[in-house]
Amino acid sequence: MAAPIKLFEGAAHAGVYLKYRPTLPQKVFKRIVDYLQEKHSKPFKLAVDVGCGSGQNTRPLTPYFEKIIGVDVSEAQIAAALKREDKPPNVEYRTGQGEKIPIPDNSVSLVTCFQAAHWLDYTAYCKEVDRVLQPSGCMAVCTYGNFVPEACDGDKTKDARLQKLHTDFYRGALLGPHWDDRRKHIDNLYAEFSIPYQGSIRDDSLQLVWEMNVPSYIGYLSSWSALRTCLKKNPSNPNPLDEFQDRLKEVLDAQTELEQIKVRLKAPIVLLLGRKPLP
């Protein structure tokens, strides 16, 4: 088993991740729970969210389960999750690897992994999920793809310029070389991933739509692992986000405070669902 990949370490990065990373739409969690209850009887006592980060997609599971345990390899991310003011009482966070989930055998109704499966030794992870799942318990793997930004004023020409600026920043000479090779799995929407249970499904009918002001958009970009790696390797160079923001102002024809200007990000969602068979 390969050593765990740690690209979201450090309190500063964890804080940015906590503040600026999105929560998936409620439809995703409803779809997962509906699939679970087709074969798995209530009450749902325990769910585990692997690669939980600072808990963005752990908390939405709380209405459905007596207890949810979020697991992440990053101590900084877990610390950020524990500091949240909106931490529900039935959520617990633990530091641990997805390939060595700190949970007893056959004890879990649902194991989720949101936007993190590409960082895992996926074969080892699937075996570990099978170990902790109860019979008829479910495994859910979910990712959202690359965002496509839009201005919120209906100007299609402005949208096209904004999308080019965003894509050039993502793939360009400054950041492009600093993306980990596993980022390709986001680019191809987990085309190479599946759940090793008979009858498992892939649902790509959902979409993440996220509206924010310009400073929050810049904040989201600042959470990118490639940007963090670029800054770490080139500490004396200007932050690439400074030039990006200047160009963004031109594209959006900003005539007012950036806090008053909205952008909309859209990304496709892929949801993989599978059920552990009865013995």
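For Glu92 and Asn234, the difference between the fully extended length at 0.36 nm per residue and the C-alpha to C-alpha distance is 47.4 nm. With the alpha-carbon atoms of the range 164-279 aligned to their principal axes, the span from lowest to highest coordinate is 62, 33, 21 Å, starting with the largest.
Computed about its Cα centre, the charge dipole of the range 20-158 is approximately 260 debye, with only Lys, Arg, Asp and Glu carrying charge at their Cβ. Given an 8 Å cut-off on Cα distances and at least 6 residues of separation, report the relative contact order of the chain as a percent. About 22 percent, as a whole number. The lysines whose alpha-carbon is closer than 16 Å to the alpha-carbon of Lys27, local same-chain residues fewer than 8 away aside, are Lys266. Determine, from the Cβ-Cβ distance of Asp34 and Leu258 and an R0 of 30 Å, the FRET efficiency 1/(1 + (r/R0)^6), rounded to the nearest 0.05. Efficiency for this residue pair is about 0.15.
To put it simply, the accessible area of the range 1-154 at a 1.4 Å probe is 52 percent carbon and sulfur. Of all lysines in the structure, the ones whose alpha carbon falls short of 16 Å from that of Lys100, not counting any fewer than 8 places away in one chain, are Lys6, Lys127. Evaluated with a Cβ-only charge set (Lys, Arg +1; Asp, Glu -1), the range 139-251 carries a dipole of roughly 360 debye about its Cα centre, given to the nearest 20. Only alpha carbons enter this Debye calculation for the chain, each as an equal point scatterer, and the log10 of I(q)/I(0) it gives at q = 0.07, 0.08, 0.09, 0.13 Å⁻¹ is -0.27, -0.35, -0.44, -0.90. Taken one residue at a time, the phi angles of the range 236-241 give Karplus couplings (6.51, -1.76, 1.60, θ = phi - 60°) of 8, 7, x, 5, x, 5 Hz. Gly and Pro are set to x.
For the set Lys87/Lys249; Lys42/Lys87; Lys30/Lys232; Lys87/Lys164; Lys19/Lys249, the pairs lying more than 31 angstrom apart at their alpha carbons are Lys87/Lys249; Lys30/Lys232; Lys87/Lys164. Computed from backbone phi, the HN-Hα couplings of the range 107-123 come to 10, 10, 7, 8, 10, 10, 8, 9, 6, 9, 4, 6, 8, 9, 6, 5, 4 Hz, rounded to whole numbers (Karplus: 6.51 cos²θ - 1.76 cosθ + 1.60, θ = phi - 60°; Gly and Pro given as x). Can you list the residues of the range 156-175 with backbone N under 13 Å from a point 7 Å past the Cα of Lys266, pointing along Cα to Cβ? Within reach of a label on Lys266: 156, 159-160, 163.
The packing ranking, built from the mean of other Cβ atoms within 10 Å per residue, places the peptides 109-119, 262-272, 31-41 in the order 109-119, 262-272, 31-41, highest first. Assign one of three labels to the range 1-160, namely rounded, prolate or oblate, based on the Cα gyration tensor with a ≥ b ≥ c the square roots of its eigenvalues; rounded applies when a/c is under 1.5, prolate when it is not and a/b is larger than b/c, and oblate otherwise. Prolate, since a/c reaches 1.5 and a/b exceeds b/c. Computed extension length for Lys156-Lys42: 36.2 nm, one decimal, from 0.36 nm per residue of separation with the Cα-Cα distance subtracted.
The values are calculated or read from the model by the stated rules, or taken from the named source; none is laboratory data. No experiment lies behind these values; they were computed from the predicted model shown. Ideal geometry is used to build each Cβ from the backbone, glycine not excepted, and the neighbour counts take in all protein chains shown. Surface accessibility is based on the protein's heavy atoms, side chains included, excluding ligands, DNA and RNA. Shrake-Rupley method; radii C 1.70, N 1.55, O 1.52, S 1.80 Å.
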